[in-house]
Amino acid sequence: MMIELYYWPTPNGHKITIFLEEAGLDYQIMPVNIGAGDQFKPDFLKISPNNRMPAIIDRNPVDGGESIAVFESGAILQYLAEKTGKFIPSDVRGRKTVNEWLFWQVGGLGPMAGQNHHFTQYAPEKIPYAIYRYVKETNRLYGVMNRRLEEYEYLAGDYSIADMACYPWIVPYERQQQNMADFPHLKRWFESIASREAVIRAYQKGEALMTTPTVTEESKKILFGQTSTKDR
C-alpha cells in the first residue's frame with residue numbers, strides 16, 4: 001500500500017479518508033482505537049508525537065527516498081494535496097485561499113466544535129457558561145461559513161481540501177445544537193458534499209470499525225484525563 005493511514009472514525013479521521021477516496025490513492029487503514037488508548041502505544045508515538053490520530057506513512061514519497069510520516073490532519077491534507085496535485089490550486093492566490101480556510105478549520109471550527117461536544121455531551125458536570133460559550137461560538141462559525149458560501153459554491157471557490165477539512169465537523173450539527181435551516185447556504189454546501197460518492201465511501205470505512213462506542217465511562221479516563229506523564 002502506498003499510504004498507511006492511522007485512523008479512527010472521528011471528524012479529524014474522516015478528513016483523511018475523504019481525501020484518499022476522492023484522490024483514488026492506494027491506502028490501508030491501521031486502526032487506532034482512541035477509546036482503548038491505542039494512541040499511547042510507543043510505536044504510534046514515533047509517528048505522531050502528540051499522541052493523536054490521524055497520521056500517515058507515505059511508503060512512496062515523490063522524492064523517491066525513505067518513507068515519510070506525517071501527523072496532524074491539516075498537515076496531512078496539505079501533504080497529500082501537494083503530492084498528488086489535487087484539490088489545491090497551483091496558482092499562488094488560489095493556494096492562499098485554500099490554506100486560509102484550511103487553517104480556519106484547524107484553528108477555529110474544529111477546536112470550538114470539539115469543546116461544544118465535550119461540554120454538551122461528555123462533561124460529568126453540566127456547566128451552563130461553558131455550554132453557552134461553545135454553542136454560541138459554534139453558531140458564529142457556522143455563520144462565517146454561511147456568508148462565504150453565499151458567494152461561492154465551495155469555501156475556496158472550487159472543491160478543495162478546505163471543504164474536506166470542514167465537512168466532518170458539520171456532520172454532527174444537531175449534537176452541536178445548531179439548526180441547519182438557519183444557514184441555507186451552508187446547508188446547500190453540506191448536502192452537496194454528503195452526496196459525493198467518495199465521501200459516502202469514506203464514511204462507510206469508518207462505520208466498519210465502530211463495533212462498540214468510542215466514548216464510554218471507562219474510555220473517558222483515557223480520552224479526557226491525559227497529562228504530560230504516563231499516569232493518566
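The values are calculated or read from the model by the stated rules, or taken from the named source; none is laboratory data. Keep in mind the model is a prediction, meaning the values are calculated, not measured. Neighbour counts run over all protein chains shown; Cβ positions are idealised from the backbone, glycine included. Just so you know, the surface numbers come from the protein's heavy atoms only, side chains and all, with ligands and any DNA or RNA stripped out. Shrake-Rupley method; radii C 1.70, N 1.55, O 1.52, S 1.80 Å.
Reported count of residues in the range 45-78, each being under 18 Å from G107 (Cβ atoms) and open to solvent by 60 Å² or more (accessible area, probe 1.4 Å), is 4. A single member of G94, G35, G85 is over 16 Å from A165 (Cα atoms) and modelled with pLDDT under 95, and it is G35.
In the range 117-137, the residues that are without any contact (Cβ under 8 Å) to a residue 40 or more places away in the chain and of a type outside the set (G, A, S) form Cβ pairs under 8 Å with partners that are open to solvent by 50 Å² or more (accessible area, probe 1.4 Å) and in a loop (DSSP other than H, G, I, E, B), at six or more places apart or across chains, as follows: F119/K126; F119/I127. Among the conditions (1) open to solvent by less than 30 Å² (accessible area, probe 1.4 Å); (2) of a type outside the set (D, E); (3) part of a helix (DSSP H, G or I), R140 misses just one, which is (1).
Taken as a whole, the condition of being part of a helix (DSSP H, G or I) and within 30 Å of G225 (Cα to Cα) does not apply to Y79. With the structure loaded, tell me whether P61 is at pLDDT 95 or above, assigned to a loop (DSSP other than H, G, I, E, B), under 17 Å from Y159 (Cβ atoms) and over 18 Å from the mean Cα position of the chain (by Cα) or whether it fails that test. No, not satisfied.
Residues in the range 6-29 that are free of Cβ contacts under 8 Å to residues at least 40 places away in the same chain and either crowded, with 22+ Cβ neighbours inside 10 Å or touching a helix residue (DSSP H, G or I) at 6+ places or on another chain (Cβ under 9 Å) (or both): G24, D26, Y27. The requirement of being of a type outside the set (A, V, I, L, M), assigned to a loop (DSSP other than H, G, I, E, B) and open to solvent by 70 Å² or more (accessible area, probe 1.4 Å) is fulfilled nowhere in the range 101-122; no residue meets it. When you look at P172, is it under 18 Å from the mean Cα position of the chain (by Cα) and either modelled with pLDDT of 95 or more or surrounded by 14 or more Cβ atoms within 10 Å (Cβ to Cβ) (or both), yes or no? Against the criterion (under 18 Å from the mean Cα position of the chain (by Cα) and either modelled with pLDDT of 95 or more or surrounded by 14 or more Cβ atoms within 10 Å (Cβ to Cβ) (or both)), P172 qualifies. Applying the condition of being open to solvent by 40 Å² or more (accessible area, probe 1.4 Å) and assigned to a loop (DSSP other than H, G, I, E, B) to the range 34-44 and asking which residue is nearest to D58 (Cα to Cα) yields K41. Residue count for the range 147-171 satisfying the condition of being assigned to a helix (DSSP H, G or I) and within 22 Å of F87 (Cβ to Cβ): 13.
Among residues of the range 175-194 being of a type outside the set (A, V, I, L, M, F, W, C), touching a residue at least 24 places away in the same chain (Cβ under 8 Å) and not in a helix (DSSP H, G or I), the one that is surrounded by the most Cβ atoms within 10 Å (Cβ to Cβ) is Q176. Taken together, E197, E207 contain a single residue that is open to solvent by 10 Å² or more (accessible area, probe 1.4 Å), out of contact with any Pro (no Cβ under 8 Å at 6 or more places or on another chain) and either acidic (D, E) or free of Cβ contacts under 8 Å to residues at least 24 places away in the same chain (or both), which is E197.
Restricting attention to the range 82-100 and to residues that are open to solvent by less than 50 Å² (accessible area, probe 1.4 Å) and either among the polar types (S, T, N, Q) or assigned to a loop (DSSP other than H, G, I, E, B) (or both), the residue that is nearest to W169 (Cα to Cα) turns out to be N99.
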